[in-house]
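**Student:** Submitted below is the structure of interest, expressed as structure tokens.
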Amino acid sequence: MNDAYLEQLRQDFEASPFWQWFGIRVTRLEAGRAEVELPPSPHFLNVNDAVHGGVIASLVDSVMGIAIRSLSTVPAVTQTLTTQFLRAPDPSGTMRASAEVVRHGRQVVSVQAQVTDAEGRLIALGMASFIRVYREGAATAGNV
């Protein structure tokens, strides 16, 4: 994919309601790889005043999604997502997530990700499979 496509993709994802509400920003985007950051928010805390695991899993899913779209205009939806939580991040620090497409098949895309805290410590790992969604009249394997 060319630079113009990647820039438009970044803008589209950052303008999506979920990404805006969540506060996710793209810090790097290239074919098959993406990095994003998520600033702290009091809305992310659970009853223990720790970042809720669902926030971290959503960050993993989000960075994987844009990494996939950096390779193809065909949308993909999450089929499976596994997140391994390694340590709790400092709730006042920015989290960073990176993802890399491991296998880009015609129907199934496999992706891996990691999340680090503001000090660069690994806080979570993720693996997922996404299903590419071909729609009638939309992009097809022959033109992606």
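**Student:** State the extension gain, in nm to one decimal, for the chain segment bounded by Glu119 and Asn2, taking 0.36 nm per residue of separation less the distance between their alpha-carbons.
**Tutor:** Values: separation 117, 0.36 × 117 = 42.12 nm, distance 3.27 nm.
Answer, rounded to one decimal: 38.9 nm.
**Student:** Tell me which of Val47, Ser98, Gly32 sits at the most positive position along the dipole axis of the chain, charges placed on C-beta atoms (Lys, Arg +1; Asp, Glu -1).
**Tutor:** Gly32
**Student:** Please tell me the relative contact order of the chain in percent, rounded to the nearest whole number, where contacts are Cα pairs under 8 Å and at least six residues apart. Kindly include the intermediate steps, with their values, before the conclusion.
**Tutor:** On the way: 296 pairs, mean separation 33.1, N = 144.
Normalised by residue count, the contact order of the chain is 23 percent.
**Student:** For the peptides 70-83, 27-40, 5-18, what is the packing order when you average, over each peptide's residues, the other Cβ atoms within 10 Å and list the highest mean first?
**Tutor:** 27-40, 70-83, 5-18
**Student:** Ok, one more. Rounded to the nearest 0.05, what FRET efficiency do Arg25 and Thr73 have when you use their Cβ-Cβ distance and R0 = 22 Å? Can you show the working numbers first?
**Tutor:** Numbers: r = 22 Å, r/R0 = 1.02.
E between Arg25 and Thr73, to the nearest 0.05, is 0.45.
**Student:** How big is the charge dipole of the chain about its Cα centre, in debye rounded to the nearest 20, if each Lys and Arg gets +1 on its Cβ and each Asp and Glu gets -1 on its Cβ? Provide the component values of the computation, followed by the final result.
**Tutor:** Working: 12 positive and 14 negative charges, 87 e Å.
The calculation lands at about 420 debye.
**Student:** May I ask what percent, to the nearest 5, of DSSP beta bridges between residues of the chain are antiparallel?
**Tutor:** The answer is about 100 percent antiparallel.
**Student:** Suppose the chain between Leu86 and Val47 were pulled fully straight at 0.36 nm per residue; how much longer would it get relative to their current alpha carbon spacing? Don't skip to the answer; put the middle values down first.
**Tutor:** Numbers: separation 39, 0.36 × 39 = 14.04 nm, distance 1.93 nm.
Working it through step by step, the gained length comes to 12.1 nm.
**Student:** Among (1) -0.33, -0.72; (2) -0.84, -1.13; (3) -0.71, -1.00, only one was calculated for this model; which label is it, if the read-out is log10 I(q)/I(0) by the Debye sum over Cα atoms at q = 0.10, 0.15 Å⁻¹?
**Tutor:** (1)
**Student:** Right, another one. How about region 86-117: which trypsin sites (Lys or Arg not before Pro) there are in a DSSP loop, with at most 16 other Cβ atoms within 10 Å of their Cβ? Display every interim value, and only then the final one.
**Tutor:** On the way: sites: Arg87, Arg96, Arg103, Arg106; in loops: Arg87, Arg106.
Listed in order of number, the matching sites are Arg87, Arg106.
**Student:** If you don't mind, another one. May I ask for the angle, rounded to the nearest 10°, between helix 3-15 and the longest principal axis of the chain, with both axes built from Cα atoms and the value confined to 0 to 90°?
**Tutor:** 50
**Student:** What are the ³J(HN,Hα) values, in whole Hz, obtained from phi via the Karplus relation 6.51 cos²θ - 1.76 cosθ + 1.60 with θ = phi - 60°, for each residue of region 84-100 in sequence order, with x given for Gly and Pro?
**Tutor:** Listing the rounded values in order: 9, 8, 9, 6, 7, x, 5, x, 9, x, 6, 9, 10, 10, 10, 9, 9 Hz.
Since every read-out is calculated from the coordinates, none of them should be taken as a lab result. These numbers were taken from a predicted model, which means no experiment stands behind them. Note that we place each Cβ from the backbone using ideal geometry, even for glycine, and neighbour counts take in every protein chain shown.
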